[in-house]
Every structure is written in structure tokens, then in C-alpha cells.
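To start, the structure under review is shown below, and the notes come after it.
The values are calculated or read from the model by the stated rules, or taken from the named source; none is laboratory data. Small disclaimer: the values here were computed from a predicted structure and weren't measured. Cβ placement follows ideal geometry from the backbone for every residue including glycine, while neighbour counts extend to all protein chains displayed.
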Amino acid sequence: MKPPVFWNHLSGPEAKVSLRTVLRPLGWLYAKAAARRLETTQPYNSGVPVICVGNATMGGTGKTPVVAYLLKSFRRLGIPAHGLSRGYGGTEKGPMPVQPDHIAAQVGDEPLLLARNGPVWVSAGRDDGARAMVANGAKVIIMDDGHQNPTLAKTLSLLVVDAEVGFGNGCVFPAGPLREDLDAALDRTDAIILMKPTPDYKISDHLREQLGGVIVIPAYLAPKEPAPKGPLYAFAGIGRPAKFFDSLRRAGANVVETEGYADHYKYKDEDLESLFVLAAEMDAGLITTEKDYVRLPKGYRRGVQTWPVSVVFEDELTLRRLLHPIVEAAK
């Protein structure tokens, strides 16, 4: 789904205060159900360190590049870390390892991307996934999403926050983007990865106040290569497609048109045929994110470019200090 505009406005005409007020009781019930599940579920202890990279809001915040960074970091240290995902958007329930011949319709787009950096498992039950992973040699489990999932005991909880929208209007779904009460989410957080659109982006005072005394590690996504030359028709089905479009423009790309879709959108033939026709009319090349690319039917991929990015931590030392006990425990 595409998030309603009023989710990300604290005040003003865009806030739709009346609609937010009507939906707030449903948000209270949603938060109550999440809190009860957390309180009444006994988490499974896998016997190995578990790092959870989660978020407090609906939609994308930049978790996948953080998980990829962690998988690569442990691999460089010779520590067998495995990624764990519920495989959103895929039909497989697992637990099962992601294989090279899998497609997004089976295991989801994020697991396919993450599997380029190390072993990744898909499991609807995180506890069942952990059992299978440890039985297959995992010494560290890196969980993509799952901050609100109580079935697996966590060693380190990292919360990824989009610095531009923060926690939106501060309301719980459906009145706002929060998955649970914000204080409850922050109480279970060891550190915040604050994902900025640019290195020099100024964090709002309001967001700084909300983050309170939690450790904050600023970060941003940097392109792995220069933006392609020539006119580009950009499309994306991620949490905030505008982030991708804006990044391309900041890198100097000649973006002549854009098309945004819902997060994890499953592209149909008619969608792509239309994009190819429109791009040809503008004499432009099609470009999208890596996450979108793996969801494209293979017959359409040849005519679409991607623009890969990786995460850069402005305070990598603090992150490494948080990871140090896990590294020592896994040796």
C-alpha cells in the first residue's frame, strides 16, 4: 500500500486531523494488541547472538542495506552469519535457505538481494528459522525486520529511522505510520540507525527530542557507481519512491520522468510494457532500484538499468563497539 499523505504531517492542512482523530481508536487497539503479544510470548533462545534490524513504522526506512553491511562485515571476520527474513511478498513459508534459482514471487525481494552477501533464510516463524539456521552452522543471526516480533530472543536491537519523515504524525496504524507505541519501541532499542538523505542533512529538533537518550548513529545511502548518462525514466515500488528519484537527481542524473508504485509492488506485464513505450517516446532509458529489479519478470530486465547503493555510517566506531561483544561470542 501507499502510505496516506497525512501520516507524515504533524500539523497543517495536509494533516487531516479529523481523519486522524477518527482512526486513532483503531490505532490504540492495534498498539494494545502489539503490546499484549510482546508481553505474553516467551521468546525462543537460539543459543547464538541475534541482531535485529527493525523499524518502528510502516514502509521502508533503509533496513536492507544495513543487514547487507552486517552480513558482509561478519563474513570478512570469518564468522558464519546468516540472514533471517520472513520473506514478505513470497509464497514460501520456510524455513528454507534462499537459492540462486529462487525468484521474488517465491521468497520475496529483500531475501534475494541479501543472499548476495551471505546465506539467507526465509521463515514465517522466526523461531523455526533460527533453529534451522543454527543446525546449519549459523554462529550469528541477523534478522531483517522483526522489532515487533517476540518469538525470537534478541541480543542487539537496531532501529532504522528515516531522518526526513521520522515517526510521522506520531500515531499508531491506521491513524499514523507507527507499528506500536513509540516509547515502547524505543525502550527495546539498543541504538538508532538514523538514515539521512544526504551527509549534510540537518536533523529536526523535534526528531532529536523524540529519540531522547537512545544511542544514535547517523548514516546515509551512497551510490556504488555514478548515475547513468542520458535521459532517464525512473520508476520504483519502495516505501518512499521519491527518495530514489531525488537521489538520482542529486547525483546529476537527467531524470525526465518518474513513476512511483506501492512498496513491494508486483509488476504486471502491462505496467512494464507501458513504461517501455513511454520511455521510448521520451528517448529515455528505464532505471529502477535493485529491489525493484529482482521483482521484474526476467523477460523485461534486459532493458532496465539499476543504480545500486550501500550504507555509510558516520560513526562506524560506535556501531563496531556495539557489535564487539557479538563478535567475541561468535568466535
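What the table below lists for this structure:
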quantity: Filter result for the condition that a residue is within 19 Å of the chain's Cα centre (by Cα) and touching a residue at least 60 places away in the same chain (Cβ under 8 Å), over LYS266, LYS331; calculated: LYS266
quantity: Filter result for the condition that a residue is in a loop (DSSP other than H, G, I, E, B), in contact with an Asp or Glu (Cβ under 9 Å, 6 or more places away or on another chain) and surrounded by 23 or more Cβ atoms within 10 Å (Cβ to Cβ), over GLY59, GLY87, GLY94, GLY83; calculated: GLY87
quantity: Output for region 301-325, where each listed residue is more than 22 Å from the chain's Cα centre (by Cα) and of a type in the set (A, V, I, L, M, F, W, C); calculated: VAL304, LEU317
quantity: Identity of the residue in region 253-292, charged (D, E, K, R) and touching a Leu at 6+ places or on another chain (Cβ under 9 Å), that ends up nearest to THR64 (Cα to Cα); calculated: LYS291
quantity: Residue selected from region 258-289 under the condition part of a strand (DSSP E or B) and among the small types (Gly, Ala, Ser), by the criterion surrounded by the fewest Cβ atoms within 10 Å (Cβ to Cβ); calculated: GLY260
quantity: Any hit, region 300-313, residues being under 30 Å from ILE79 (Cβ atoms), of a type outside the set (A, V, I, L, M, F, W, C) and in contact (Cβ under 8 Å) with a residue 24 or more places away in the chain; calculated: yes
quantity: Test: ILE103 is of a type in the set (Val, Ile, Thr) and surrounded by fewer than 24 Cβ atoms within 10 Å (Cβ to Cβ); calculated: yes
quantity: Selected residue [more than 20 Å from the chain's Cα centre (by Cα) and either closer than 28 Å to ARG320 by Cβ or not assigned by TED's automatic domain parsing to the domain that holds THR318 (or both)] from ARG126, ARG75, ARG116, ARG131; calculated: ARG75
quantity: Close pairs (6 angstrom Cβ cut-off, 6 or more residues apart or separate chains): outside the structural domain of LEU182 (by TED's automatic domain parsing) in region 26-45, of a type in the set (A, V, I, L, M) anywhere; calculated: GLY27/VAL172; GLY27/ALA175; TYR30/VAL172; ALA31/VAL172; PRO43/LEU152; PRO43/ALA153; TYR44/LEU152; ASN45/ALA153
quantity: Hits in region 244-297 - residues which are among the β-branched types (Val, Ile, Thr) and either under 14 Å from PRO228 (Cβ atoms) or touching a helix residue (DSSP H, G or I) at 6+ places or on another chain (Cβ under 6 Å) (or both); calculated: VAL255, VAL256, THR258, ILE287, THR288, THR289, VAL294
quantity: Search result, residues across region 79-99 that are small (Gly, Ala, Ser), more than 19 Å from VAL294 (Cα to Cα) and either modelled with pLDDT of 95 or more or under 14 Å from the mean Cα position of the chain (by Cα) (or both); calculated: ALA81
quantity: Subset of region 190-202 [under 21 Å from SER157 (Cβ atoms) and surrounded by fewer than 17 Cβ atoms within 10 Å (Cβ to Cβ)]; calculated: ASP190
quantity: Failed criterion for GLY212 (all others in (1) of a type outside the set (Asp, Glu); (2) surrounded by 15 or more Cβ atoms within 10 Å (Cβ to Cβ); (3) assigned by TED's automatic domain parsing to the domain that holds PHE167 hold); calculated: (2)
quantity: Qualifying residues in region 290-300 (those that are in a helix (DSSP H, G or I) and under 23 Å from the mean Cα position of the chain (by Cα)) - the one surrounded by the fewest Cβ atoms within 10 Å (Cβ to Cβ); calculated: GLU290
